[in-house]
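What follows is one structure encoded as structure tokens, with my remarks underneath.
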Amino acid sequence: MSSTVARWEPFRGLNTLQEQVNRLFEDNFTRSRSGQAELASWAPAVDIYETENELVVKADLPDVQEKDIDVRVENNTLTIHGERKFENDVHQDNYLRVERAYGTFTRSFSLPNTVHTEGIRAEYRNGVLSVRMPKREESKPKQIKISVSADGKK
């Protein structure tokens, strides 16, 4: 009577994972029949921070033209939409490596009720989009002065 011994193979799934990662990178940059670059959608990196008076979103958008950026606030959601276009002044066959992502992008963020949406400002400088959202007056922290009497009575 022969029995089959089940072997534990800790790296058995690794090949499949590697194949999936390779496929992801291959799919990210493909050539169409016309020879133009077609790249998967991408999402710019953002920093979001809060100060006493405002909420700030900074998005890295190098090589994106200001006219190709759309910033909207709708239903307490901030949406940044845009496109980084592939440079056509260099022939595609001359590229040795293409690692940057191109194409359209969309980032959306839910805003807290403390944001005063009417006062939102957006500025684009040196490839960085800064969206500044002031807080409503009633949501700003207020310091309360404590009065102290010498004998413990008011």
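Brief remarks on what is shown
Matching residues to (1) without any contact (Cβ under 8 Å) to a residue 24 or more places away in the chain; (2) touching a strand residue (DSSP E or B) at 6+ places or on another chain (Cβ under 9 Å):
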| position | (1), (2) |
| --- | --- |
| 72 | yes, yes |
| 80 | no, yes |
| 88 | yes, no |
| 102 | no, yes |
| 109 | no, yes |
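- Considering 57, 64, the condition of being on the phi < 0 side of the Ramachandran plot, open to solvent by less than 70 Å² (accessible area, probe 1.4 Å) and either modelled with pLDDT under 90 or in contact with a Gly (Cβ under 7 Å, 6 or more places away or on another chain) (or both) is satisfied by 64 alone.
- Verdict on residue 145 being farther than 22 Å from residue 43 by Cα, at pLDDT 90 or above and among the basic types (Lys, Arg): no
- The set of residues in region 86-128 that are open to solvent by 100 Å² or more (accessible area, probe 1.4 Å) and not acidic (Asp, Glu) comprises 88, 91, 94, 96, 97, 110, 113, 121, 125, 126.
- Some residue of region 43-50 being farther than 30 Å from residue 138 by Cβ, surrounded by 12 or more Cβ atoms within 10 Å (Cβ to Cβ) and not aromatic (Phe, Trp, Tyr): yes
The values are calculated or read from the model by the stated rules, or taken from the named source; none is laboratory data. None of the values given here were measured: they were computed from a predicted structure. Virtual Cβ from ideal backbone geometry, glycine too; neighbours counted across all protein chains shown. Please note that ligands, DNA and RNA were not included when accessible areas were found on the heavy atoms of the full protein model with its side chains. Shrake-Rupley method; radii C 1.70, N 1.55, O 1.52, S 1.80 Å.
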